[in-house]
Structure formats: C-alpha cells, structure tokens
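So the structure is just underneath, and the comments pick up after that.
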Amino acid sequence: MPLRRDPNLVGIALFIGSESLFFLGIVVAYVVFREQGLATAKAHLDIGRTAVFSGLLFASSATVARAVAARSRGWLALTAVFGAAFLLGQGLEYARLLGSGLGPGTELFGTAFFTLTGLHALHVAIGLVLLSTLLVASTARRARVGASAWEGIAMYWHFVDAVWIVVFSVVYLGTLLG
C-alpha cells in the first residue's frame, strides 16, 4: 500500500522550511555583526528574566504535543497561555530596552536585536491566532476538526519554539558567554 501524505501537512512543512531559511539568514547576519554590539548586549539584556519566559515557551511544546495526542482543548488553551506569557515577557523586555534608549534604529545591536526577536514575536503572535482558532473551532464543531488541523498547527508551534531555541542561544546565551 503506498504511503499517503496529507497535502495540508506537506504545505505546512514547506512553509516551515522556507521560514527556517528566512530565520537562518537573519541569525547569520546577527552573528556576523555580533562583536560590534556585544558590549551593548551585555549592558542591556536581562538574560535571567528572558530565560524564565523562554522556559514557558519551551514548555508549550510539550503542552501542544499533549493537546494533539488527546485532542484536548485544555492542553491547547494552556499552550496559548504559555505563548501569551512569553509574548508579554518579550514586550516587557522591549519596553525596558526602549526606556533605556536602546531601540531598533539606535545602533547596530538594537537594529539586529529588534529585527530578529521582533520577527520571532510576530510568528508567536500568528501561532497564538492559530491556536485560538483551533480552540474555538474544536469547541464549536469538535467532530469536524480534522487531525491535520491539530497536527499542522502543532507543527507550526514546534517550529516557533525551535526558532526561539536558536535565537535565545545566539542572542542571550551568546552574550553571556561572549
């Protein structure tokens, strides 16, 4: 019997592949110019607080996996709460940095930092819209929401988490070790 691939999941995988290349380019640019902004990064980044909010995002990968396995709206809602808490943490970090005079156009580090983390935050926000849509749809028409919807949204959410592992490692841990 031939292996059947869900075209929706293949499409999401292709989209994630293209977005991965997009993020790779931005991460490489950040790394190339890292030394020029290392002193600024060390002076301004709150690695500890960001690690706490990052932990919530990393935990959301486990909750979304549980949500898909059980088709559980509760686990799905918890995933969205963790994602929203992460975005709140990033928003607080941005407010603190902007308040200290460091912004997207102030120097190379600010531009690279806000571009990289801001684009990731946008992807998290899109993921939250997808999670919320799935939550509403699975509440209103539980039997009509197919497995590919659950799996596709989870794939995207895992991608968002994986990108943050790279970003957190390069930007925050790289600053700590640099």
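Descriptive notes on the structure:
- Overall, the accessible surface of the chain at a probe of 1.4 angstrom is composed of carbon and sulfur to the extent of 70 percent.
- When Arg144, Arg49, Arg66 are compared by accessible area of protein heavy atoms, the largest-first order is Arg144, Arg66, Arg49, using a 1.4 Å probe.
- Nearest-20 debye value, the chain charge dipole, Cβ charges on Lys, Arg, Asp, Glu: 720 debye
- Estimated FRET transfer efficiency when R0 is 41 angstrom, pair Thr106-Ser148 (beta carbons, to 0.05): 0.40
- Among 18-30, 157-169, 121-133, the order from most to least packed when residues are scored by Cβ within 10 Å on average: 157-169, 121-133, 18-30
- Potential extension, Ile126-Leu176 segment - 0.36 nm per residue separation minus Cα distance: 15.0 nm
The values are calculated or read from the model by the stated rules, or taken from the named source; none is laboratory data. If you're wondering where the values come from, they're calculated on a predicted model, not measured in any experiment. Cβ atoms come from the backbone with ideal geometry, glycine included; neighbour counts cover every protein chain shown. Areas reflect the complete protein model, heavy atoms only, side chains present, ligands, DNA and RNA absent. Shrake-Rupley method; radii C 1.70, N 1.55, O 1.52, S 1.80 Å.
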